[in-house]
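**Q** Dropping the structure in here first, questions after.
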Amino acid sequence: MQGTERGGSSSTGDIGARKSDHLDIVLAPSLASQRAASGFARVVFEHVALPELSLAEIDLSTEFLGRRLRAPLLISSMTGGPERAARINAHLAEAAEELGIALAVGSQRIALEGRASGGLDRSLRRLAPSIPILANVGGAQLVLGYGRDEAERAVDMIGADALIIHLNPLQEALQEGGDTDWRGVLAAIEALVAVLSVPVVVKEVGAGISGAIARRLVDAGVHAVDVAGAGGTSWAAVEAERTSDPARRDTALLFAGWGIPTADAILGVRQACPEALLIGSGGIANGLDVARAIRLGADLAGQAAAGLASADHSAEATALHFRTVIDQLRVACFCTGSADLAALRQARLVETPATG
Ligand SMILES: Cc1cc2nc3c(=O)[nH]c(=O)nc-3n(C[C@H](O)[C@H](O)[C@H](O)COP(=O)(O)O)c2cc1C
């Protein structure tokens, strides 16, 4: 994600160091206790004792950005600081290609402005020729000088099928030197959507997108909304961990549980935008959460932090991690008697979430 001093005085090296801090903090177990609830625990499927299906024949495939996915899964955007990012991105790309799932890269700001590509070049597409790859820039950058050229370069650099614009106002507000003038971001998104050569996806980064905001984004021409709700990675908690300033830490901690729980965000966006392509993410811990997100109205689910440790390790570990998530989703389909994702969307729930 982004975060510059106003006037662009922060160097690419500073951003790289911050991204590396982010990785270490997200990988540390201490953050888990500060999580908000995703709301998925309230989504309980009714067990089907007679599925009348073959587990192996359950069809998890779906269409995304004109390509066929073998499972409705997106590896969500993660940046990592130049030295580690290249390795992590390669592992993610190899695993995504092997499994036939989509891959979103982290913010390309360092690659666009600095010298280090962090693996964000055409090598990514060579590792993953058949899956949807999504480029990534920050919404705040769109009012700080980024326009069509930068967006096209971000897409082109990795041969992407779509561009993600991430919205992270909470993180920017809490981060030292964050980009805190967000006037004009929606208009800039609308202007970019009108001229960009690929579809635009807008996501949050862990605080969620409401139905009303999603409606404005879709009306502005955005192709898909990724709620990235509360319940997983909390950037307020990450910033609290990073800062050495006690007052800044107190403020960051105050907002550690802030945001729209992912389950509520999915329901809200689906209600406000029945026609929109919707990605459910934020605190997707396993394949059962993927099933829950889809049951609540998501077209696919995205996962970031839970896959990070495996991506830091190897392509094999990454593939094993996401294969396990897919296997868990398949079991959820089996035990709800769902032959495919359309059937899963109709599966009976024991408890209905309050807003459902
Ligand atoms: C280490 C790390 C780096 C991230 N960097 C970015 C980024 O550069 N751009 C972005 O849009 N989101 C970024 N995110 C946010 C994720 O894409 C995702 O929206 C958020 O972490 C919530 O999903 P999760 O609970 O599965 O982690 C990052 C997340 C992590 C864990």
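Throughout, read-outs are computed from the coordinates displayed, never taken from laboratory work. Just so it is clear, the structure is predicted and the values come from calculations on it, not from any experiment. When we count neighbours, we look across all protein chains shown, and the Cβ atoms used for this are built from the backbone with ideal geometry, even at glycine.
**Q** Which residue, of Ala256, Ala285, is within 11 Å of the ligand (Cβ to nearest atom), surrounded by fewer than 24 Cβ atoms within 10 Å (Cβ to Cβ) and either farther than 30 Å from Thr243 by Cβ or among the hydrophobic types (A, V, I, L, M, F, W, C) (or both)?
**A** On the way: Ala256 fails: within 11 Å of the ligand (Cβ to nearest atom).
Every option except Ala285 fails the conditions.
**Q** Which of the residues spanning region 297-348 are more than 16 Å from the ligand (Cβ to nearest atom) and hydroxyl-bearing (Ser, Thr, Tyr)?
**A** Scanning region 297-348 gives Ser314, Thr336, Ser338.
**Q** What do you reckon, is Ala298 closer than 15 Å to Ile209 by Cβ, touching a His at 6+ places or on another chain (Cβ under 9 Å) and not in a helix (DSSP H, G or I)? Write out each step before concluding.
**A** On the way: closer than 15 Å to Ile209 by Cβ: yes; touching a His at 6+ places or on another chain (Cβ under 9 Å): no; not in a helix (DSSP H, G or I): yes.
It is false that Ala298 is closer than 15 Å to Ile209 by Cβ, touching a His at 6+ places or on another chain (Cβ under 9 Å) and not in a helix (DSSP H, G or I).
**Q** Hey, Thr180 hits all of (1) assigned to a loop (DSSP other than H, G, I, E, B); (2) in contact with a strand residue (DSSP E or B) (Cβ under 8 Å, 6 or more places away or on another chain); (3) of a type outside the set (Lys, Arg) but one; which does it fall short on?
**A** Of everything listed in (1) assigned to a loop (DSSP other than H, G, I, E, B); (2) in contact with a strand residue (DSSP E or B) (Cβ under 8 Å, 6 or more places away or on another chain); (3) of a type outside the set (Lys, Arg), Thr180 misses just condition (2).
Per-residue answers, yes or no, for (1) buried (at least 21 other Cβ atoms within 10 Å of the Cβ); (2) in contact with a Phe, Trp or Tyr (Cβ under 9 Å, 6 or more places away or on another chain); (3) assigned to a helix (DSSP H, G or I); (4) of a type in the set (A, V, I, L, M):
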{"site": "Glu176", "(1), (2), (3), (4)": "no, no, no, no"}
{"site": "Leu192", "(1), (2), (3), (4)": "yes, yes, yes, yes"}
{"site": "Val201", "(1), (2), (3), (4)": "yes, no, no, yes"}
{"site": "Ile209", "(1), (2), (3), (4)": "yes, no, no, yes"}
{"site": "Arg215", "(1), (2), (3), (4)": "no, no, yes, no"}
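**Q** Any chance region 152-173 includes a residue that's in contact with an Asp or Glu (Cβ under 9 Å, 6 or more places away or on another chain), more than 19 Å from Gly106 (Cα to Cα), in contact (Cβ under 8 Å) with a residue 12 or more places away in the chain and buried (at least 19 other Cβ atoms within 10 Å of the Cβ)?
**A** Checked against the condition, which is being in contact with an Asp or Glu (Cβ under 9 Å, 6 or more places away or on another chain), more than 19 Å from Gly106 (Cα to Cα), in contact (Cβ under 8 Å) with a residue 12 or more places away in the chain and buried (at least 19 other Cβ atoms within 10 Å of the Cβ), region 152-173 yields no hits at all.
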